[in-house]
Amino acid sequence: MTIKIYNVLTRQKEAFRPIQEGRVNIYVCGPTVYDYSHIGHAKTYGNFDVIVRYLRYRGYDVLYVQNITDVGHLLDSGEDRILRKARQTQSTPMQIVERYTKLYFDNMDALGVQRPDISPRASGHIPEQIEMIQQLLREEHAYVVNGSVYFDVSSYPEYGKLSGRRVEDQEEGTREAVRSEKNHPADFALWKKAEPEHIMRWNSPWGEGFPGWHIECSAMARKYLGETFDIHGGGIDNIFPHNECEIAQSECAHHGATFANYWMLVGSLTLDGVKMSKSLGNTLTLAEALERWRPEAIRAFILSSHYSNPIDFSDVAVESAEKGWQRIWGAVSLVRNRLHDAPDGEVDADILTWLETYKAAFIEKMDDDFNAPAAIGVLQEMTRKVNSTLAENAALSSGTLTAIDQIYRELGGDVLGIVPDSAEAGSADAEREAGLIRVLIDIRAAARANRDWATSDRIRDRLAELGVTLKDGKDGTTWTVS
RNA sequence: GGCGACGUAGCCAAGUGGUAAGGCAGCGGUCUGCAAAACCGCUAUUCACCGGUUCGAAUCCGGUCGUCGCCUCCA
């Protein structure tokens, strides 16, 4: 069994073959840290989180690099995003960068997105970028004008191969073309001369300036992953021009060596059917979303559609994903709670057999281009089976319950990140809590036997206030923690 | 105008040649003091539309209509 990946570069699903057996080098374009993270970031980085988790689950040694853009990303006006924010808030650019970088990681941590192995910053790699630009100049892929350096797109005939765009087809941007010092409108900046008011500036062979937006990814990918690496990821909205420019720079600097073997681009997220944009005012920050929904619900929603497809964020959509997730979580917590007073015993062979069948089905779905929505479908089917088994057998052995819990931990927890680690059986606190709840359930059972519904309901209501839900079944009362 | 996606039940969604996963919502049932949950059953003869290829198509080809993204900063 090999993993198949839809490669945007070839527009085909291909068997994944890493350059080095057992090892995956992956680079994903990270955020520009000039404002709060929004739910679009949650989709892009949440999707790659699951991709990386799965590769690791399948035994690959993954090196995951995701940059932090903290310089060079300009607005329409030609103004640097970070500088503008700094001016607006009367702070320094690096304060802005620190603030939003920290918030980005805080939000991603809260979402359960595992950190990349390396989060290189553009501003920390100016020498590497200058070196690459010098090389491009030396080899006549770039030219200098008035202290700025531009990449000569005509020197790279394959420009456009990722996005399927051809230079001739592009509409010429009027504003830029008019005042441009570029030889051709499609040429892009590698290095920009800093105007006097531009305070983020560095010395270079061409005078004081700052790097263009695209060069950081090429320089940092080369530094940490080598000239050719396995997977390059990002949001589809960066396919042009950003990703295209990265390829051009890197492949020219590397004398034609392929930049990345596989390109995986994540579909965009819309909010209530419309693209989020500051000008429309329909933005939702990740922090706001996390206040309204638990992280697992947001993850379940993000994973409800294939990573490469667009997805529309709405209250109704997240809530229905959350309800679906609750069914899985309900089964998991039931298993874990029953583990507290389950009879000792080995795992039941029949149950282990069908657990393994679901696991194999899950892996088959994920192997096929990381089809998380289909994999969740498998988990849902398994959950139906688990729930009915739980209902039919009041005394499942600890071995069996542990085996069920284990498969949820692996597939739902380690891979998808939607099954939390809580209620760890065996910890002293958890055991005590389970025991205390059990005492209350026993008292309540006695009250119910006396048809003392007031006491019975009081215990249930008070526990509910503490987040413990009691459920009366045929074989007694069970409980879950929300 | 150019490039690229997409159009599957009330909603979301998987499915790229072999006869429609899964979730949400809904209906009926089991269980139940009530509640909640869970479980069982039902809910697309059909995959935007029209042609074509094929023994056979949601899946391939051609066309039509519609939605969206990108082409300028965006994950």
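The values are calculated or read from the model by the stated rules, or taken from the named source; none is laboratory data. Quantities reported herein were computed from a predicted structural model and do not represent experimental measurements. Glycine also receives a Cβ, built like all others from the backbone with ideal geometry; neighbour counts cover every protein chain displayed. These area figures cover heavy atoms from the full protein model, side chains too; ligands, DNA and RNA do not enter into them. Shrake-Rupley method; radii C 1.70, N 1.55, O 1.52, S 1.80 Å.
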* **Extended-chain gain in nm, criterion 0.36 nm per residue less alpha-carbon gap, A:Ala257 and A:Arg17** => 84.7 nm
* To do: Would you mind checking which residues have amide H under 5 Å from A:Leu284's amide H? H placed 1.01 Å from N; only 5 or more apart, or other chain.
  => A:Ile39
* **Calculated P(r) of the range A:4-266 - Cα pairs past 33 Å, %** => 18 percent
* **Estimated FRET transfer efficiency (A:Asn203, A:Ser155; beta-carbon r; R0 25 Å; 0.05)** => 0.40
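In square angstrom, what is the accessible area per residue of chain A with a 1.4 angstrom probe?
Numbers: 22050 Å² over 482 residues.
Per-residue accessible area for chain A comes out at 46 Å².
Let me know the volume per residue of the alpha-carbon convex hull for the range A:253-357, in Å³. The partial results should precede the final answer.
Values: hull volume 24.3 nm³, N = 105.
Dividing the Cα hull volume of the range A:253-357 by its residues yields 231 Å³.
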* **Percentage, to the nearest whole number, of Cα pairs in chain A over 29 Å apart** => 57 percent
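Calculate, for A:Arg292 and A:Gln95, the FRET efficiency according to 1/(1 + (r/R0)^6) with r their C-beta to C-beta distance and R0 41 Å; round to the nearest 0.05. Before the final figure, lay out the partial values.
Values: r = 29 Å, r/R0 = 0.71.
Efficiency, from the Cβ-Cβ distance: 0.90.
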* Place +1 on the Cβ of every Lys and Arg and -1 on the Cβ of every Asp and Glu in the range A:4-266, take the dipole about the Cα centre, and give the residue among A:Ser204, A:Gly147, A:Tyr45 whose Cα lies farthest towards its positive end. => A:Tyr45
* Asked: How far, in degrees from 0 to 90, does helix A:215-225 lean away from the longest principal axis of the Cα atoms of chain A, to the nearest 10?
  -> 60 degrees
* Around A:Gly234, which amide H atoms from residues at least 5 apart in sequence, or from another chain, sit under 5 Å from its own amide H, with H modelled in the peptide plane? -> A:Cys29, A:Met264, A:Val266
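Let me know the shape class of the range A:341-478, please: from the alpha-carbon gyration tensor, a ≥ b ≥ c as square roots of the eigenvalues, rounded when a/c is under 1.5, otherwise prolate if a/b is greater than b/c, or oblate.
prolate
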* Asked: For A:Ser427 and A:Asn393 in the same chain, what is the full-extension length gain: residue separation times 0.36 nm, less their Cα-Cα distance, in nm?
  -> 9.7 nm
* With r defined as the distance between the Cβ atoms of A:Ala445 and A:Ile118 and R0 fixed at 56 Å, what FRET efficiency is calculated, to the nearest 0.05? -> 0.50
* **Kirkwood hydrodynamic radius of the range A:230-314, Cα pairs, Å** => 15.1 Å
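Given only helices, namely DSSP H runs of n ≥ 4 each adding -39500 (n - 2.57), what is the per-residue ellipticity at 222 nm of chain A, to the nearest 500 deg cm²/dmol?
After summing the helix terms and dividing by the residues of chain A, the value is -14000 deg cm²/dmol.
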* Hey, can you rank A:475-481, A:332-338 by average C-beta count inside 10 Å, highest first? -> A:332-338, A:475-481
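Per 0.36 nm of contour for each residue apart, how much would the distance between A:Thr353 and A:Phe240 grow if the chain were fully extended, relative to their Cα-Cα spacing?
Details: separation 113, 0.36 × 113 = 40.68 nm, distance 4.84 nm.
Full extension from A:Thr353 to A:Phe240 adds 35.8 nm.
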* **A:Arg458 versus A:Glu139: modelled label distance in nm, points set 7 Å from Cα along the beta carbon direction** => 8.1 nm
* Structure fact -> Residues meeting the amide H criterion for A:Ile68 (H placed from the backbone, H to H distance under 5 Å, 5 or more places apart or on another chain) are A:Arg121, A:Ala122
* Could you go through the range A:261-269 in sequence order and give the Karplus-derived ³J(HN,Hα) for each residue, using 6.51 cos²θ - 1.76 cosθ + 1.60 with θ = phi - 60°, rounded to whole Hz, and x for Gly and Pro? => 6, 10, 10, 10, 10, 8, x, 7, 10
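Using a 1.4 Å probe over the heavy atoms of the protein chains, calculate the carbon and sulfur portion of the accessible area of chain A as a whole percent.
48 percent
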* Structure fact -> As straight-line cross-link partners of A:Lys275, the qualifying aspartates and glutamates (C-alpha separation under 13 Å, not fewer than 8 residues apart within one chain) are A:Asp237, A:Asp312
